[in-house]
Each structure stands twice: as structure tokens, then as C-alpha cells.
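Novice: Take this structure, written in C-alpha cells, and hold onto it; I'll ask about it next.
The values are calculated or read from the model by the stated rules, or taken from the named source; none is laboratory data. This one's a predicted model, so the numbers in the text were calculated from it and none came from an experiment. Cβ placement follows ideal geometry from the backbone for every residue including glycine, while neighbour counts extend to all protein chains displayed.
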Amino acid sequence: MTTSNTSGRTKRTLGAPLPRRPFFKLSDFVLEAILLAIIVLLAFSAPGFATWDNWMNILRNAAMTGIIAFGMTFVLILGEIDISVGSGLAFFGCLLAVVTDSMTTAGWSAEFAVAVGVVLCIAIAILAGMFTGWVRHALAVPTFITTLAWMAAFRGGAYLLTGSFPVTPYPEWFFFFGSGAIFGIPFQAFVFLLVFIITWFISRYTVFGKSAYAVGGNAESARLSGINVLGVRMAVMAMIGIFTVLSAIMVSSQIQAGNPTVGVTWEFTVITACVIGGVSLMGGKGRVWGTFVGVLFLSIMLNGMTLLNIDEYWQYVARALLILGAVLIYQVQALNARRG
Amino acid sequence: MGPAKLDIRNLTKAYPGVLALDDFSAVFDGGKVYALLGKNGSGKSTFVKCLSGAATPTSGEVWIDGVKTNFKGPADANAAGIAVVYQELSLILDFTVAENIMLGRFPTMGPGNVTVDWKTTNAHVQDILTSLRIDIPVTRKISDLSVGQRQVIEIAKAMSLNPRVLLLDEPTSALARHEINSLLAVVRSLREKGVAIIFITHKLNEIRGVADYVTVLRDSRLVGTVPIEVATPKVIVDMMFGETTLRSRPADLKVGEEIRLKVSGLHRKDKYEDISFDLRAGEVLGIAGMLGAGRSELLRGIFGADPIDGGTIVLNGTEARRPTVARMKDLGLAMTMENRKEEGLIQIMSIEDNLCLASLDEVGQRGFLSHFLQAPVAEKWIGRLEIKVSDALQEVQSLSGGNQQKVVVGNWLNTDPKVVFFDEPTRGIDIIAKQQIFQIMWDLSRRGLSVVFVSSELEELLEVCHRILIMEAGRFIGEVREPENTPIETLYAMCMGETAK
């Protein structure tokens, strides 16, 4: 896409047919190409990489952060950020566990107790997100600050709720969300794909999605075009909250408890996936598909390195190189496009 | 040092598929002011980029005072003696005049030479300002200066580097008339310093008092340079566009009876007060006034972009109590913002997206939206408004100013409005694009729509409108009922608050 300001470059005479844009350009698929190359490489070098079980394992792990990453994509497109998702994960997991625990103790059925807990978590997530969006809009408080506060509040709340010990109130059927499988495919993978399809669709084929890009691209122009900027901001911040609750349910199910220590630094894993996928922290730019590839990229790299017995500390270094490399590639591409 | 000499030989800049500057050769002498004219896309900005070091020429040479230059970047161009003053200001608002001018090269003193010597700094800057006959205190903060004064300081900053060649890229585009005059006075005083001055502008009327020569670019090529005495408007326009005719308001545009917009007693503290007017179907109403008279603020208030303190607005028979953009849009009001880049468009979105921005709900179907729904809308307005684009999916920032303005207009016309506000729609666009914007207003009027047109170019108002209201310090102080029979001097005097008719 050209972004040159030299107005003299469009010399098409009126009425002439618009030039066809190439249907496929390899430079648009750099990330996908690199990922494919890595998969091929790992398949030959890492023992047990190219097996069904390992792939399901990768999907299972990718799903937990991935679902939140799709919400984060919209947050970043708005030009905002949410660093409370890791703590939120712990808080909602603990809240669900505590609600389930106390209600079943009081004689309610476990099904009903979990349902009440989930509804309560989602309600709180929506309210918290709407509050963040409103404060951003009405008082111009950066979402970094508000969600920094939420981060502390959620983590503290998780410890207060549980007395810092894991709460384990769940019946057998609940473990399906974290460990179950349908046709041999983990339950999380379905949720992951479903959330991907929904958010991808929203981003590309809805007025709401277009409004989010518009607000991120230039909030003032969006406002003066009559777009409901406050509504978009509240909805997006609420959306990532809902996805955080979904992830919390699956994590709780997998570890069979509400544990206040989970999710530490998850916000950065999530943002890393988005950045690898080409989402701009400046707002206005980013694709849900990019985040999808970014999530897989990160999970496959970590999985491959573990299988190759690469030291955990070196995995951090690899992650750093990955972020830097991705950002450099995107930046060089953007600058080249601008120079024309 | 004697007068400078800038000798440009066969300068060419090619972008993929387009020659942006084609074999430009010319000599610019020191002590003279050259007005560089050309419509949007004629190669002016490329010329500036090549000379400022922002772009590397594909071929050709630039000689300054008989020395061949070789720029790798803006720093090299500066060192070679070329200074550029851009339209967008680069001053730091919270710094003083002296701090801004000496930024990065403060005189120092004390142990280790790490303390800024403010006394010398201020005295030095005072000398610079005095030599340019600029009367602005050096310790004043930039944020306390008017836009015109800031532009003057920008020029002083460029001159403080003792350049041999000074490029002024549309320095007057954001200025009111009296500010333009003081800026032009500064430019005239630069002549004595032997600097070669290239003054880029869209405004034919302001070059007369300042330029010695007129240099014209068209379709990436140099058309020629003529002395100012020879350069009548007809000559210049013919050089810029080939043969053209400038149109004025067609006679068949009639003002209807029906009142479309009735504003009474509208006020907002410190912005405007006691504003009342009627706008009829088919009417093109101009609002004239100096910068800061409150014209934009008034339109924004009615449009719902800014709050109002009181008064009534009746649009198409419905009273809008607390206007918001969404509400006014529903009632049939549209407005193109003065500041199209920051407030009218989303630069990183495509032309297609920008054309659908204000009508997303209508273009979409039950909240769903896709390229297949948007593309026909984009195609329609690109065709109707003659927007020059090669690909509607390009980012809108790739367009020239005039075409960007048309995208803003198309975006709003797609909301199917009954009343359209145009706030400075012609700023920074060339004569042909201006004529097209006028034509759009007249077409709206012919279809029975009402138009409010705010412009700092008084000639334009006289040429385009049925009626002109004059605003000063937040109030209407006069009205011109027959623009076609009113001389520009009269309107100008009225705007300065000298006589209210």
C-alpha cells in the first residue's frame, strides 16, 4: 500500500478502469512463510513434534492466551492497552471457585453454582471494562493507568477471596472444559477457533469493527463523523474482559481449582502474540488473522524449544529475538511502503 | 558575502511509474524573491523535497554559489546553505522564542561549559529579530503567539542559520489577512541579505507585493519564469493550467421560501453570542470574518461538535435541544471540518472507508458491512466528485489536498443531508480543485439543499454565495445582500469592523 504524499503520482485519467491489485503478494505473507519454515524445520529436528498428540497439546496451550489475544487485538486497534488480563484471569478463576464452593456448601447444585459464578464473573468483567472505557473517554485517563490499577485490584482480590490457597470445589464434569476432547480434539481448541472466527468476522464484516478501526485511526475524525466513540471504547474493553473470563474458566478447569497465582505476566504473552501478528500499538492497524498466526507462532516456538531440550532461560532470549525481529520486519515494510 | 546563486541543472525525480519532477533546470539569484506556483501534483512538493534533502533526486545537479552539492539528508542541505520553512510549524510551544531559535546550539558558560548562557542567547536572538525587523519579545513563549507570529519566528529560525537559499512552503496558508501582510514584510526584508528566496503559495493575490519573479510548474515540468510585471493573473493561470476559464455563480440558482435552518439567540461563553439567522432551501450563505471571529466555533456548535450554552436550533422543522453530531446528522445536517487532515479524515484508512465514515450505519446492513457494500458507494462519489484516485483501497493520505477535501465532501454527501456546512473547504488546494468545490456547492443549491460556506478568502465568498454574514468577535455585525455587486474592498473593510452596513 503506498502512503506517499506526492500527489502527482496518481495520473490515471478519469473513466479509465481501475488497475487490478495483485491477488497474491508474497510480501504480505512473510510471517506465515516463516512459520511454515519453522514447522518444517521442527518436524525434522524435534523429536515428537510432528505427532497428533503434540499438535493437540500446542493447540490446548495456544487457546488459553489466544482467546484473550483476540480481544487484545481490538484493544490495540483502538490505540489502547489492557495490562490487567493476567490478574483478571486469576481473579475470575478464584471468584468462580469461591462462588461454586460456598453455594455447593449451602446445598445448591454444582451446575447451578458454576452457572451463577460464570454470570457473575462476566458481569464484573463487562462493568470493569465499561468503566475503563468510560474513564478513558470522559476523563482522558490512559487505559494503561486504569488497567494498571485493575491489575493490582484483581490480583489482590484473588488472594483475598481465596486466602491465598487454591480452592477446589469442582465436580468431575467441570474438568471437561480444560482437559476434555471431542473427536480427539481438545475442547479449548474449539473455543479458540470459535472466538477467532467471531472476532475475525467482527473486524472485517461489521459496522462495529470498522468503527473500532476508525476510532483507533483518528478518534476526533470518528467523533465528528457521528461515530459513537464512547460506545466503541466501552464495548471493546468489555469484550476483552469477557474473553478473559472464558480463558479463566478453561484454566480453572485444567488445574481443577481457583488459584490466585495463575496468569502472572500473561498480559505480556498476549501482547507479544499480537505484536508478532503485526498489530500496531499506535492504533488503527492490525488484523485478527495476524494475531491468530502470532499466537500459533509463539506456541509452536515454545513447544519446539522444549522438545529440543533448550534451556528455559534461553527460551526467554528467543522470545525477545522474536518480538524484536517481528517489529523490525513490520517497520521496515512500513517505511518501504511510505518511500514508494 | 555577495548575492547567492542557486543553479539547478536537469533535476529529475522518478517514483515507480511516475516522473514527479522532470528535467528541471533553472537559476535562482540571491536578493530576489521567486514565487513558485503550480497546482496540486505539479511537482512543487517533490521540488522542495529534493532541495531540502528529504528525497534523493534520480538525476541532476544542484549548485550553490558555484559549488556542486551532494545531499544525503536534510542536515547536508542545511550545511550547504538551504533552509526550508514548512507549512506545519516545528516550534516547541512551551519554549520561548529565543530557546526555539537557538535550540541545539545554545551558547554555554561556567565550569565544564555545561550551563546555558541565557544572556548571550537572548541578546543574540534579539539581534536576529532586529535585523529582520521583527518586533516580538525574545522571552515570550511560543504558545502566547498568534499563528502568524509563530510562522514569522519559524522564518527567523531558518534565517539564523545564515542560509544562502530559503524555501518557504506555503507559509501563509493558515494566516489571516493582516498576519499575511506582516509576514510578507519580513520576506521582503530578507531580500537585502542576498538570499535567494523561493516562495511557494496557492494565493495569486499575495505574490504581487512580494515576488520579483513567478516560476511555474505544470505536470512535473518547469513551464517558465517571468518577471512579476508581466505576470498578470491571466498569464499565471494560463501557465499553471493551460487555457482555462474561471466560473462564477450560475444565474439559475434560486433561494427558496422554505426555511431549512433557523438559529436564534445562540451563545457560548467567550466564543459567540446572540447569533440568529435563517437559512433557506437552495441558499448558499457565506460567513466572513477574520481568524478568531468565531466562525468555525459557531458552525461546530450548531453541528453538535462542541457544546453550546443556550439558544435554539430548528433544523427542517425539528428543534434540536442538545445537538450532538449523531443527532444533527439524523436531522439532515452535514459539516466538512476546517482541519480536514486531523478532523475530517482518518489518514491511515482507505479512500473507500473514508467515504463511508459518516454513513457506516446506512452503508452497512443490520450492522454488517463489507467491501462489497462499500465499493459501490466509493465508486459513486469518486465518479460524481471527480476524485482523482488510482485505487479506492489506497490510504487516503496518498491523495493531494484537493482530492482529500473531495473525499471529506463525499463522505458527508453520502449521509443524504439537507443542509451542508463547509468550513474553509478551499484551504491549501489549487484553483481547479477550488472551482470544483464551488461547483459542488452550486449543484447542491440547484437540488434545493442549503449551504453555509465559511472562508478566509473573501473573493471566494463574493463569487460563490447568495448572501454573506459578517462576523466579528463572536457576533454578526453586518450582512452583504448582493455579493455580485459588492467590491472586495467593501467586504474587507466590513470584516475589519470599520463599517457595518
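Novice: Please list, ordered by first then second residue, the pairs with beta carbon atoms under 9 Å, 6 or more apart or interchain, first in the stretch B:138-156 and assigned by TED's automatic domain parsing to the domain that holds B:ILE92 and of a type outside the set (Lys, Arg), second in a helix (DSSP H, G or I) and surrounded by fewer than 15 Cβ atoms within 10 Å (Cβ to Cβ).
Specialist: Taking only residues 6 or more apart or on different chains, the pairs are B:VAL138/B:ALA123; B:GLY148/B:HIS178.
Novice: Shifting gears a bit: Just to be sure, is B:ASP309 charged (D, E, K, R), surrounded by fewer than 16 Cβ atoms within 10 Å (Cβ to Cβ) and free of Cβ contacts under 8 Å to residues at least 12 places away in the same chain?
Specialist: Working: charged (D, E, K, R): yes; surrounded by fewer than 16 Cβ atoms within 10 Å (Cβ to Cβ): yes; free of Cβ contacts under 8 Å to residues at least 12 places away in the same chain: no.
Answer is no for this residue.
Every residue, every condition in (1) polar (S, T, N, Q); (2) within 14 Å of A:LEU35 (Cα to Cα); (3) surrounded by 14 or more Cβ atoms within 10 Å (Cβ to Cβ), yes or no:
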| site | (1), (2), (3) |
| --- | --- |
| A:PHE297 | no, yes, yes |
| A:ILE310 | no, no, yes |
| A:TYR313 | no, no, no |
| A:LEU322 | no, yes, yes |
| A:TYR330 | no, no, yes |
| A:GLN333 | yes, no, yes |
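Novice: I'm checking my understanding of the structure. Among residues of the stretch B:221-272 that are on the phi > 0 side of the Ramachandran plot and in a loop (DSSP other than H, G, I, E, B), which one is farthest from the chain's Cα centre (by Cα)?
Specialist: Here is the first cut: in the stretch B:221-272, the ones on the phi > 0 side of the Ramachandran plot are B:224, B:242, B:265, B:270.
Keeping just the survivors that are in a loop (DSSP other than H, G, I, E, B) gives B:242, B:270.
Details: B:GLY242: 24, B:ASP270: 26 Å.
Taking the candidates together, the pick is B:ASP270.
This table checks each residue for (1) surrounded by fewer than 24 Cβ atoms within 10 Å (Cβ to Cβ); (2) away from every other protein chain (no Cβ under 13 Å); (3) within 23 Å of the chain's Cα centre (by Cα); (4) within 20 Å of B:VAL187 (Cβ to Cβ).
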residue	(1), (2), (3), (4)
B:PRO16	yes, no, no, no
B:ALA20	no, no, yes, no
B:ASP29	yes, yes, no, yes
B:TYR34	yes, yes, yes, yes
B:LEU37	no, yes, yes, yes
B:THR46	no, no, yes, no
B:PRO57	yes, yes, no, no
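Novice: May I ask you to verify whether A:TRP266 is more than 30 Å from A:VAL99 (Cβ to Cβ), within 16 Å of the chain's Cα centre (by Cα), surrounded by 15 or more Cβ atoms within 10 Å (Cβ to Cβ) and not polar (S, T, N, Q)?
Specialist: Details: more than 30 Å from A:VAL99 (Cβ to Cβ): no; within 16 Å of the chain's Cα centre (by Cα): yes; surrounded by 15 or more Cβ atoms within 10 Å (Cβ to Cβ): yes; not polar (S, T, N, Q): yes.
No: the conditions fail for A:TRP266.
Novice: If you don't mind, there's one more thing I want to ask. Taking into account only those residues within the stretch B:394-404 that are touching a residue at least 40 places away in the same chain (Cβ under 8 Å) and at the interface with another protein chain (Cβ under 7 Å from one of its Cβ atoms), which is farthest from the chain's Cα centre (by Cα)?
Specialist: B:GLN394
Novice: Would you pick out the residues in the stretch B:187-203 that are part of a loop (DSSP other than H, G, I, E, B) and over 15 Å from B:TYR34 (Cβ atoms)?
Specialist: The first filter runs over the stretch B:187-203 and keeps only residues part of a loop (DSSP other than H, G, I, E, B), leaving B:194-195, B:201-203.
Once the filter is applied, which keeps residues that are part of a loop (DSSP other than H, G, I, E, B) and over 15 Å from B:TYR34 (Cβ atoms), the stretch B:187-203 yields B:HIS202, B:LYS203.
Novice: A further question on this structure: Only one residue in A:PHE165, A:PHE187, A:PHE154 is surrounded by 13 or more Cβ atoms within 10 Å (Cβ to Cβ) and either β-branched (Val, Ile, Thr) or out of contact with any strand residue (DSSP E or B) (no Cβ under 9 Å at 6 or more places or on another chain) (or both), so which one is that? Can you show your working first?
Specialist: Details: A:PHE165 fails: surrounded by 13 or more Cβ atoms within 10 Å (Cβ to Cβ); A:PHE187 fails: either β-branched (Val, Ile, Thr) or out of contact with any strand residue (DSSP E or B) (no Cβ under 9 Å at 6 or more places or on another chain) (or both).
After applying the criteria, what remains is A:PHE154.
Novice: When the residues of the stretch B:348-365 are narrowed to those that are within 7 Å of chain A (Cβ to nearest Cβ) and in contact with a strand residue (DSSP E or B) (Cβ under 8 Å, 6 or more places away or on another chain), which ends up nearest to A:PHE208 (Cα to Cα)?
Specialist: Here the answer is B:GLY364.
Novice: Could you please find all residues in the stretch A:308-333 being in contact (Cβ under 8 Å) with a residue 40 or more places away in the chain and either under 22 Å from A:PHE44 (Cα atoms) or of a type outside the set (S, T, N, Q) (or both)? Steps first, please.
Specialist: Of the stretch A:308-333, the ones in contact (Cβ under 8 Å) with a residue 40 or more places away in the chain are A:308, A:319, A:322-323, A:326-327, A:329-330, A:333.
Listed by number, the residues that qualify are A:LEU308, A:ARG319, A:LEU322, A:ILE323, A:ALA326, A:VAL327, A:ILE329, A:TYR330.
Novice: Could I ask something else about it? Which residues, taken from the stretch B:366-389, are at the interface with chain A (Cβ under 8 Å from one of its Cβ atoms) and buried (at least 19 other Cβ atoms within 10 Å of the Cβ)?
Specialist: B:LEU369, B:LYS388, B:VAL389
Novice: Does B:LEU491 satisfy being in contact with a helix residue (DSSP H, G or I) (Cβ under 8 Å, 6 or more places away or on another chain), of a type in the set (A, V, I, L, M) and in a loop (DSSP other than H, G, I, E, B)? Before the answer, list the steps.
Specialist: Values: in contact with a helix residue (DSSP H, G or I) (Cβ under 8 Å, 6 or more places away or on another chain): yes; of a type in the set (A, V, I, L, M): yes; in a loop (DSSP other than H, G, I, E, B): no.
No, not satisfied.
Novice: Among the residues of the stretch B:435-459, which ones are over 16 Å from the mean Cα position of the chain (by Cα) and acidic (Asp, Glu)?
Specialist: Scanning the stretch B:435-459 gives a single hit, B:ASP443.
Novice: Could you check, for the stretch B:273-295, whether at least one of its residues is assigned to a helix (DSSP H, G or I), buried (at least 21 other Cβ atoms within 10 Å of the Cβ), in contact (Cβ under 8 Å) with a residue 40 or more places away in the chain and within 13 Å of chain A (Cβ to nearest Cβ)? Step through it out loud before you land on a result.
Specialist: Applying the first criterion (assigned to a helix (DSSP H, G or I)) to the stretch B:273-295 yields B:295.
Going one step further and asking which of them are buried (at least 21 other Cβ atoms within 10 Å of the Cβ), we end up with B:295.
So of that shortlist, the ones also in contact (Cβ under 8 Å) with a residue 40 or more places away in the chain come out as B:295.
Imposing the further condition that a residue be within 13 Å of chain A (Cβ to nearest Cβ) reduces the set to none.
No; the residues of the stretch B:273-295 include none that is assigned to a helix (DSSP H, G or I), buried (at least 21 other Cβ atoms within 10 Å of the Cβ), in contact (Cβ under 8 Å) with a residue 40 or more places away in the chain and within 13 Å of chain A (Cβ to nearest Cβ).
Novice: With the condition kept exactly as written, say whether any residue in the stretch B:472-484 is closer than 13 Å to B:PHE422 by Cα and in contact with a strand residue (DSSP E or B) (Cβ under 6 Å, 6 or more places away or on another chain). Full working, then the answer.
Specialist: Taking the stretch B:472-484 first, the residues closer than 13 Å to B:PHE422 by Cα are none.
Looking through the stretch B:472-484, none of the residues is closer than 13 Å to B:PHE422 by Cα and in contact with a strand residue (DSSP E or B) (Cβ under 6 Å, 6 or more places away or on another chain).
Novice: Out of B:VAL408, B:VAL420, I need the residue that is crowded, with 19+ Cβ neighbours inside 10 Å, more than 11 Å from every other protein chain (Cβ to nearest Cβ) and closer than 25 Å to B:ALA176 by Cα. Which one? Before the answer, list the steps.
Specialist: Working: B:VAL408 fails: more than 11 Å from every other protein chain (Cβ to nearest Cβ).
Among B:VAL408, B:VAL420, only B:VAL420 is crowded, with 19+ Cβ neighbours inside 10 Å, more than 11 Å from every other protein chain (Cβ to nearest Cβ) and closer than 25 Å to B:ALA176 by Cα.
Novice: What are the residues in the stretch A:191-214 that are surrounded by 15 or more Cβ atoms within 10 Å (Cβ to Cβ) and more than 9 Å from every other protein chain (Cβ to nearest Cβ), if any? So that I can check it myself, show each step before the final result.
Specialist: The initial filter retains those residues of the stretch A:191-214 that are surrounded by 15 or more Cβ atoms within 10 Å (Cβ to Cβ), namely A:191-193, A:195-196, A:199-200, A:202-214.
Result: A:VAL191, A:PHE192, A:LEU193, A:VAL195, A:PHE196, A:THR199, A:TRP200, A:ILE202, A:SER203, A:ALA212.
Novice: When only residues in the stretch B:321-347 that are in a loop (DSSP other than H, G, I, E, B), touching a residue at least 60 places away in the same chain (Cβ under 8 Å) and more than 8 Å from chain A (Cβ to nearest Cβ) count, which is farthest from the chain's Cα centre (by Cα)?
Specialist: Pass one, the stretch B:321-347, residues in a loop (DSSP other than H, G, I, E, B): B:321-324, B:332, B:337-339, B:345-347.
Keeping just the survivors that are touching a residue at least 60 places away in the same chain (Cβ under 8 Å) gives B:332, B:337-338, B:345.
Checking the rest, the ones that are also more than 8 Å from chain A (Cβ to nearest Cβ) come to B:332, B:338.
Numbers: B:GLY332: 28, B:GLU338: 9 Å.
This residue is B:GLY332.
Novice: Might you check whether a residue that is farther than 30 Å from A:TRP173 by Cα and touching a residue at least 12 places away in the same chain (Cβ under 8 Å) occurs anywhere in the stretch A:252-267?
Specialist: Just the residues of the stretch A:252-267 that are farther than 30 Å from A:TRP173 by Cα, to begin with: none.
No; the residues of the stretch A:252-267 include none that is farther than 30 Å from A:TRP173 by Cα and touching a residue at least 12 places away in the same chain (Cβ under 8 Å).
Novice: Restricting attention to the stretch A:233-256, does a residue exist that is outside any helix (DSSP H, G or I) and more than 14 Å from chain B (Cβ to nearest Cβ)?
Specialist: Pass one, the stretch A:233-256, residues outside any helix (DSSP H, G or I): A:256.
Pick out the ones that are also more than 14 Å from chain B (Cβ to nearest Cβ) and you get A:256.
Yes, the stretch A:233-256 contains at least one residue that is outside any helix (DSSP H, G or I) and more than 14 Å from chain B (Cβ to nearest Cβ).
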